[in-house]
1. Any residue in the range 48-66 that is buried (at least 19 other Cβ atoms within 10 Å of the Cβ), outside any strand (DSSP E or B) and among the small types (Gly, Ala, Ser)?
2. Please count how many residues of the range 67-85 are closer than 21 Å to residue 746 by Cβ and open to solvent by 20 Å² or more (accessible area, probe 1.4 Å).
3. Every residue in the range 702-722 that is hydrophobic (A, V, I, L, M, F, W, C), more than 19 Å from residue 756 (Cβ to Cβ) and surrounded by fewer than 24 Cβ atoms within 10 Å (Cβ to Cβ), please.
4. Could you list, in sequence order, the residues of the range 369-387 that are of a type in the set (Phe, Trp, Tyr), at pLDDT below 95 and in contact with a strand residue (DSSP E or B) (Cβ under 8 Å, 6 or more places away or on another chain)?
5. Do you know which residues across the range 109-152 are open to solvent by 10 Å² or more (accessible area, probe 1.4 Å) and assigned to a strand (DSSP E or B)?
6. Given the residues 31, 66, which is the only one that is more than 30 Å from residue 156 (Cα to Cα), in contact with a strand residue (DSSP E or B) (Cβ under 9 Å, 6 or more places away or on another chain) and either of a type in the set (A, V, I, L, M) or at pLDDT 90 or above (or both)?
7. Give the residue, chosen from 690, 709, 726, 672, that is among the basic types (Lys, Arg), over 18 Å from residue 744 (Cβ atoms) and in contact with a Gly (Cβ under 7 Å, 6 or more places away or on another chain).
8. Can you run down the residue pairs with Cβ atoms below 8 Å, 6 or more apart or on separate chains, where the first is in the range 686-698 and among the polar types (S, T, N, Q) and the partner is open to solvent by less than 10 Å² (accessible area, probe 1.4 Å)?
Amino acid sequence: MKNLSRIFISIFLFTSITFNASAQDDASKKYEAFQYRNLGAYRISAWVGSLAVPENPGEKHKYTWYVGPRSGGIWKTINNGTTFECVSNSFGTSSIGDFAVAPSDPEVIWAGTGEAFNARSSYSGNGIWKSTDAGETWKNMGLHDSHHIAKVVIHPKNPDAVWVASMGHLFSKNEERGIFKTTNGGKNWEKVLYVDDETGVTDLIINPKDPEILYAATYQKERTAWTFDPGGEKSRIYKSTDGGTTWKVLAGGLPTGPLGRIGLDIHRANPHILVAVIQNLNVKSGFDPDAPVPFDEFTDHSFDNLIGGEVYITKNGGEKWKRINDPETNDVSGKAAYSFNRITIDPVDPDKIYIIGVNMFYTLDGGKTWPGFREQELFQTNFGDNRIFWIDPKDPRHMMLGSDGGIYSTFDGGLTMNHYYHMPLGEVYSVEVDNETPYNIYIGLQDHETWKAPSNGWSGQITPADWVITGMWDGMYSKVDPEDNKNIYITTQFGSHQHVDQETGERVSILPEAKEGEHYRYTWTTPLAISPHNSAIIYTGAQKVLRSLDRGENWEEISPDLTDNDPNKIHGKGHIQYCTISTLDESPVKAGIIWVGTDDGHVQLTNDFGHSWTDLTSNLEKAGAPAKMWVSKVFPSNHDVATAYISKCGFTDDIFDAHIYVTHDYGKTWKKITNGLPNSPVNVIIEDRKNPALLFAGNEIGVYVSTDKGENWTSFNANIPNVVVKDMLIHPRENDLIVGTYGRAAWITDISPLQQLTPEIEKKELHLFDIEPKPQMNFSQQAQWGNYQMTGSNHLNSPNEPNGLEIWYLLSETLDEETKIEITDKTGELVYEKTLPQQERIGKIYWPTFKAAEGEYQVTLKCGSISETKPGIVLKRWQWPVLNYSGKN
């Protein structure tokens, strides 16, 4: 049993080290002690859009490869997937477009930032990065305004010769798009293919035997907040025979007219053979191009009357092409081709062709047959919505597949799949908590429903088994009834509302139904709120505010349309609903005061339960708020009925400055409070429940804190990498800040010292903060009974918070004597002592309480003749039943 105990302890410590060793960003060292724990339903992973395997690895990199989650950085394995390490935390962004390892030197990696899937959630990057030591260190090599890099191609013999395909800005026109080439390792770039300021390049391939020959796929599209036109007549295939200096458009059997995204691949053994997948946007013969399209929250029907996904092959280097599928029976672009449409040809057998999509489309006989979904035998155990595919050129049975469910490998051509779930990934839309002991967190995930897990697990860590599903489809908002947490209310894409009963494990739809002849418009992440004054009352937002007085069984409208209701924007293409309510909440100070924000820029207020509404948008304009900019968050103050905070987000306008505003007079006047915030769109703003001066904001590069009501802001990332933050909240009892990131899952840190911080405390030479009571053991005895812990290195668990009293202190730079913390029991006997480092900071230590008796202790911080003492209480250890024991039988 001693060995088993050592196994448990070593796993616990290893996990803690792994999570606390994340690279620091440029956060102020003042808040360095506020280290986060990373939690997430990692078992279902997240959208992987790029990968790279060294072509000539040598002995050193024999088991090395790289994975690029679109919003989660670049991850490296050196042991063939047993463990992964993020190597891109220095980028300043977690949005990854494409990257490649130089065929001639496995130490050289070129990485393009800004994922290029053209989706409503595609975040921009900051250019192209280069590493010459296999990802240990990086240098930015320019192309900062490219925003979304779709492909990186490296010369097979010269790692300094690189071509980069850029899609450019997502929501606006710009010049830095097309294909860029460097021949001197990135010192200079030449734009070698450019169509115009609205057309980018989405694919680029090179002839491995003659690198002067390249093929490119241009892509014309237009995306705004209210519509998406997924193609045009400038989407074409180009060829260069002089290394990219000149290009010609290929035709020879290819479709004309408007085309969507195009994917390309070249056969390694015979590079005269190429394949292309093309979304043909021409209208089918006999169909009306102007016929109305019904809206469906799950399926975009705007493509139903179009020709769809076609597959072409050429055997003479692009001079003549032949279509090898019938899109009427095998539409390989059936779902959101703008974010799929990649094609791969087997490096040995040119009859084997694979296309990514909602599932894998493939032919093994040169296009004669394309097995339907129910007929397929390959790729049946991986998650769908496939995004990237690779075939080993030395052994085509070995393949790798990246999907919205993470990264997979197969060694038998797709008959069986191995899932590498153990990267800390998750695209979180929202976070929620309950008041259980320990409390649970709830997260809504892109592609992956809503999930629940304890903040501290019975086994000393939160394992994949601790995460349970609480909803369906894409997970958006979860709201837990604070008075009876068996009730969860959730929303999923475009307003599908559910009521989940945690006691019975059942759910029912509570979708509000519009009156006959009317239609409710919901945004993608439909907002939801529970009244802080009566938990039976819930609110949601379409273009109107909807209220239920009976937990969703019945709904009523309590507002008119609070948007512009612009007829030119409410009928957009591309599976979008616009002129909708994007955020809403009721004041916790006084019932009936409801703040609302819309995606077309309006901020509205009712002071009388919805009987009358005031549009505050023009008042915000006077403070500098763009009138039409998306309102990302309204936050009524926890302390003052007339105070509220709002954030506006320029993401859908490609506007990147910060917008946070505060009012203290019900919105009559506003003040912009962004000093210290970087140029990054703000997604969320919250105010602390205990300290009205304490605010937190989340933007596209992390968490920021203000301790003076927004007058000044400082980075609060600590060990969180630069990643998009979508949501935050503070637990009302435990004083933990829970952060939901779009790419790196959820994070938790204790912020109780900041709740107590005042200007007077900051001026003191030393200060001991109030100490929160903690259990003697925050995990179960069961954890140490035997062989419960999964052995091996390929498991990903989140550690519990360290067991013991968490003791926070403040030290000034004026102290020049030894500083100590001493703990005595009720008899005055010294039971613990620790010397602190002599540096100005807010810091913390843990007193391990495994062997401590329950009760009150005296904790003293002292330096020379100065000292402060506070009580510290050790509570009864937490206990868990064995599995599902209830005591009912």
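The values are calculated or read from the model by the stated rules, or taken from the named source; none is laboratory data. Since we're looking at a predicted model, the values are computed, not measured. Every residue, glycine as well, gets a Cβ built from its backbone with ideal geometry; the counts of neighbours run over all protein chains shown. Surface accessibility is based on the protein's heavy atoms, side chains included, excluding ligands, DNA and RNA. Shrake-Rupley method; radii C 1.70, N 1.55, O 1.52, S 1.80 Å.
1. No, the conditions are met nowhere in the range 48-66.
2. Adding up the residues that qualify gives 2.
3. Narrowing the range 702-722 to residues hydrophobic (A, V, I, L, M, F, W, C): 703, 705, 713, 716, 718, 720.
Keeping just the survivors that are more than 19 Å from residue 756 (Cβ to Cβ) gives 703, 713, 720.
Passing the criteria: only 713.
4. Within the range 369-387, 383 is the sole residue that qualifies.
5. Residues satisfying the conditions are 129, 130, 139, 140, 151.
6. Numbers: 66 fails: more than 30 Å from residue 156 (Cα to Cα).
Among 31, 66, only 31 is more than 30 Å from residue 156 (Cα to Cα), in contact with a strand residue (DSSP E or B) (Cβ under 9 Å, 6 or more places away or on another chain) and either of a type in the set (A, V, I, L, M) or at pLDDT 90 or above (or both).
7. Values: 690 fails: in contact with a Gly (Cβ under 7 Å, 6 or more places away or on another chain); 709 fails: in contact with a Gly (Cβ under 7 Å, 6 or more places away or on another chain); 726 fails: over 18 Å from residue 744 (Cβ atoms).
Among 690, 709, 726, 672, only 672 is among the basic types (Lys, Arg), over 18 Å from residue 744 (Cβ atoms) and in contact with a Gly (Cβ under 7 Å, 6 or more places away or on another chain).
8. 691/754
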